[in-house]
Amino acid sequence: MRATVTATARYLPERVLTNADLEKMVDTSDEWIRNRTGIEKRHLVSEGEVTSDMCAHIANRLLEKSKKSAGEIDVILIATCTPDFPVVATAAIVQDKIGAKNAWGFDIAAACSGFVYAMETGAKMIESGRYNNVMVMGADTMSSIIDYSDRNTCVIFGDGGGGVLLEPTDTDAGVLDSILHTDGSGSQYLKVPAGGSVHPASKDTIEKKMHYVYQDGKTVFKFAVKKMADVSKQILDKNGFTGNDIKLFIPHQANRRIIDAAAKRCGLSPDQILVNINKYGNTTAGTIPIALDEAVETNRLNNGDLLLLAAFGGGFTWGSMLIRWGDT
Ligand code: UT7
C-alpha cells in the first residue's frame, strides 16, 4: 500500500512587497534582486495574521476539495520554522481552528526541507495501515523572523504555505521513494541564533537582533547547488529513471540559479521545471506545496506522471522525493 496525494491547496497572504518597495527600505536594487535570485515580489502576512491562520486556510481548502469532514482527519503534520509559539505545536492550534476533533499532530522543524520531511513522515504513517487521512502542510511566516534593515536576507524571503491530503492507495500511484539527509555541522551558516535554550530571549538578545535569520548566503549557496543537484540525480538513478521520465520537477524555490543548476544536472528542460520564485520569493517550508498546488491548478500533472521534488535548507537538511501522480 502507498500514500497518494488526493488534494492540494495553497495560501498566500494578500499583502505584496515588491523589489521597488525594498529599494526604499535598504540599499538594494530591483536589478540586483532579479539577477541574483530571480525574485520580483513576495507576499507578507497582515498585522495579526500568523502561521496557524495560513495553515487553517490551507486545511479548510483541502477539506473542501476532498469533500471530507474535519472529523475524518487522522493526523495533521505541519512543517514550519515559524510556529505560532515556541510551545505549543502549530498543528495543535490548527487542529482546534478547523475542528479536527479526531486528529493528533505535530510540527516538523527542518527549515526549507520541512515539507519533504513531513511528506515522508506522512507517507510512512499511511503505509503503516494505521491512518487513512493525513494532512501534510508546509507554511512559514518568514516576516516574523526577518530584519527588514538587513539586505542579505530581507530581499529573499516571503510568507505563505501549502499542503496536501495523503490517503492510501493500492494503485501504482503515490510516493515511490525518498532520499533525506541531515548534516548538523552546517547549522552555523543559516539559523536564528536566539530564542532557544542556548540564548533564551533577553533584552541583550533583542538589542543584538539575534531573533532574526542569520545567513552566510555564499556558503549556503554552494552547498545548496551541490546537494540539491546530487540528491535529485541520485533518486532518479536509484529508481532506474532519467530526466526524460520526469513530467515535472518541483524544487525548493530559494534562488533561480540554484534551481537551474539542479535541473541541468538531471538533464531536465525548462518545460519540466516549475519555477514561481519570481512571484513569492523563498517561503521556506511553503515553496514546494505552493508550487504543487499551482501545478495541479494549471493541469501540469496527469494520472501516471512522475513528479520529482527536491529541497535543501538550514540544518543543513536536504532531500528528494519521487511521486507517481494519481489518486486512490
Ligand atoms: O532556502 C534556504 C537556503 N538559502 C539559500 O539557498 C540561499 C543561498 N544563497 C543565495 O541565494 C545567495 O548567496 C544570495 C542571494 C543570498 C546572495 O547572492 P550572492 O550572489 O551569493 O551575493 P553575495 O553574498 O556574494 O554578494 C555579492 C555582492 C556583495 O557586494 P560586494 O562585496 O561584491 O561589493 C554584497 O554586499 O552583492 C552585495 N549584496 C547586495 N547588493 C544589493 C548582498 N545583498 C545585496 C542586496 N542588494 N540585497
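Annotations
- Within the chain, percent of DSSP bridges classed antiparallel, to nearest 5: 70
- Partners of Lys65 within straight-line reach, counting lysines whose Cα lies under 20 Å from its Cα and excluding those fewer than 8 residues away in the same chain: Lys97, Lys101.
- Accessible surface, 1.4 Å probe, highest first, among residues Leu274, Leu180: Leu180, Leu274
- In the chain, a dipole from Cβ-located charges (positive for Lys and Arg, negative for Asp and Glu) runs towards its positive end, and of Ala111, Ala201, Ile259 it is Ile259 whose Cα lies farthest in that direction.
- When the surface is traced with a 1.4 Å probe over the full set of protein chains, His211 keeps roughly 50 Å² accessible.
- Accessible area (Å², 1.4 Å probe, nearest 10) - Met125: 20
- Measuring gaps between exposed loop sites in the chain (trypsin sites (Lys or Arg not before Pro); DSSP loop; at most 13 other Cβ atoms within 10 Å), the longest gap, sites not included, is 210-328.
- Proximal lysines relative to Lys124, as straight alpha-carbon distance under 20 Å, when same-chain residues fewer than 8 apart are discounted: Lys238
- Heavy-atom SASA rank of Asp271, Asp327 (probe 1.4 Å, accessible area, largest first): Asp271, Asp327
- Nearest-10 value in Å² for the accessible area of Asp172, using the 1.4 Å probe: 120
- Most mobile listed residue (Ala123, Ala311, Ala139) in the chain, GNM with C-alpha springs under 10 Å: Ala123
- Calculated mean residue ellipticity at 222 nm for the chain: -9500 deg cm²/dmol, from DSSP H runs with n ≥ 4 weighted as -39500 (n - 2.57), summed, divided by the residue count and rounded to 500.
- Membrane-span-like helices in the chain, defined here as complete DSSP H runs extending at least 27 Å along the helix axis by their C-alpha atoms with mean Kyte-Doolittle hydropathy no lower than -1.0, are 217-238; this is a sequence and geometry rule, not a statement about a membrane.
- Heavy-atom SASA rank of Val275, Val75 (probe 1.4 Å, accessible area, largest first): Val275, Val75
- Averaging Cα coordinates gives a centre for the stretch 273-328 and one for the stretch 141-217; these two points are 17 Å apart.
- Within the stretch 175-324, DSSP assigns beta bridges of which about 75% are antiparallel (rounded to the nearest 5).
The values are calculated or read from the model by the stated rules, or taken from the named source; none is laboratory data. Predicted model only: the values in this text are computed from it and were never measured. With ideal geometry, Cβ positions are generated from the backbone for all residues, glycine too; neighbour counts draw on all protein chains shown. The area values use the complete protein model at the heavy-atom level, side chains included, leaving out ligands, DNA and RNA. Shrake-Rupley method; radii C 1.70, N 1.55, O 1.52, S 1.80 Å.
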